[in-house]
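To start, the structure under review is shown below, and the notes come after it.
Any read-out appearing in this document is the output of simple, stated calculations on the displayed coordinates, not a laboratory observation. Nothing here was measured: the structure is a model prediction, and the numbers come from that model. Every residue, glycine as well, gets a Cβ built from its backbone with ideal geometry; the counts of neighbours run over all protein chains shown.
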Amino acid sequence: MSMYRSVQFIDAPPLIQLELKERYPDWYKKCLFRNNDNLELTFTDLTLLPASVLFKNVKAFKHKIIIPFGPAEFLEQSFFAGASDYLKDPWNCQELIIRTQPFLENMRLSFGSDCIDCSHGSLRINNKLISITCSQYRLLNILMKNLNSFVNYQILANHTGTKSDRADKSIHVHIHNLKKILKEELPELYGIQLKIVNSSSKGYSLIFTCG
């Protein structure tokens, strides 16, 4: 399985990056540090970037969780551009970690004695590590976050980095493989209380019913 990073940090201030590495190594390991080129190649749970970069690339970050940073006068414009939060200058590593934590919480579902844990780039079912691709991980993660609600095809495509001309086919293949995994690992649960369903107009949904 490809290495998964939960945070994409674009144009990180050098001193912040150094402090994260030295004082917060666990958080540092979550990050993929990039310059503001080739922005659409990396898909993570959260993106941190300068507000000025966001304003120039609003469409590229549509449907993504983003936290811009910059001067106070960019705060309102950042939220209009789709920001989930904002780091107002001056800010430090402690504020960064506190503000990003709600967006990086583990995604876990428990059904009686059964448990699905989809976090930190890996999938565990009843504590068994399951081999899946990054795209499959991201699809299951967003479906779990929107349990019993449909997620439309465009959001799924954006979330996995699938090109629009092959999005439907690619997502269908990934979902098929996820269904197969859930059926094999949770044979008494899948199809009865837990299942992935689709609608041609609404997208896909992970459904859980009690009883």
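So what is the 222 nm mean residue ellipticity for the chain from helices alone, if each DSSP H run of at least 4 adds -39500 (n - 2.57) and you divide by all residues, rounding to the nearest 500 deg cm²/dmol? Please list the in-between numbers first.
Values: 8 runs with 73 residues, N = 211.
After summing the helix terms and dividing by the residues of the chain, the value is -10000 deg cm²/dmol.
Using amide H atoms built in the peptide plane, which far-off residues or other-chain residues are under 5 Å from Cys115 H to H?
Asn126
Across the range 58-119, what fraction of all alpha-carbon pairs, as a whole percent, falls in each successive 10 Å bin from zero upward?
Going from the shortest bin to the longest, the percentages are 19, 38, 24, 14, 5, 0.
Suppose we look only past 20 Å in the calculated P(r) of the range 7-103. What percent of the Cα-Cα pairs does that tail hold?
Taking all Cα-Cα pairs of the range 7-103, the fraction more than 20 Å apart is 29 percent.
Assign unit charges at the C-beta atoms only (+1 for Lys and Arg, -1 for Asp and Glu), then state the dipole size of the range 108-208 relative to its Cα centre in Debye, rounded to the nearest 20.
Values: 13 positive and 7 negative charges, 41 e Å.
That gives a dipole near 200 debye.
Can you work out the Karplus-derived ³J(HN,Hα) for every residue in the range 196-205? Use 6.51 cos²θ - 1.76 cosθ + 1.60 with θ = phi - 60°, whole Hz, and x for glycine or proline.
9, 10, 9, 9, 4, 9, 10, x, 10, 8
Report the percentage of all Cα-Cα pairs in the chain whose separation exceeds 30 Å, rounded to a whole percent. Each step should come with its number before you reach the end.
Numbers: 6066 of 22155 pairs.
Taking all Cα-Cα pairs of the chain, the fraction more than 30 Å apart is 27 percent.
Output wanted: per-residue J couplings in Hz (rounded whole) for the range 66-80, from phi through Karplus 6.51 cos²θ - 1.76 cosθ + 1.60, θ = phi - 60°, x for Gly and Pro.
Values, residue by residue: 10, 10, x, 9, x, x, 4, 5, 8, 4, 4, 5, 5, 5, 5 Hz.
Take the Cα gyration tensor of the range 108-208, multiply each eigenvalue by 5, square-root it, and list the three semi-axes largest first, rounded to whole angstrom.
Working: eigenvalues 95, 44, 26 Å².
Semi-axes, largest first: 22, 15, 11 Å.
Would you kindly state how much longer the chain becomes between Ser131 and Asn146 on full extension, computed as 0.36 nm times their sequence separation minus their alpha carbon distance, in nm to one decimal? Before the final figure, lay out the partial values.
On the way: separation 15, 0.36 × 15 = 5.40 nm, distance 2.25 nm.
Additional length available on full extension: 3.1 nm.
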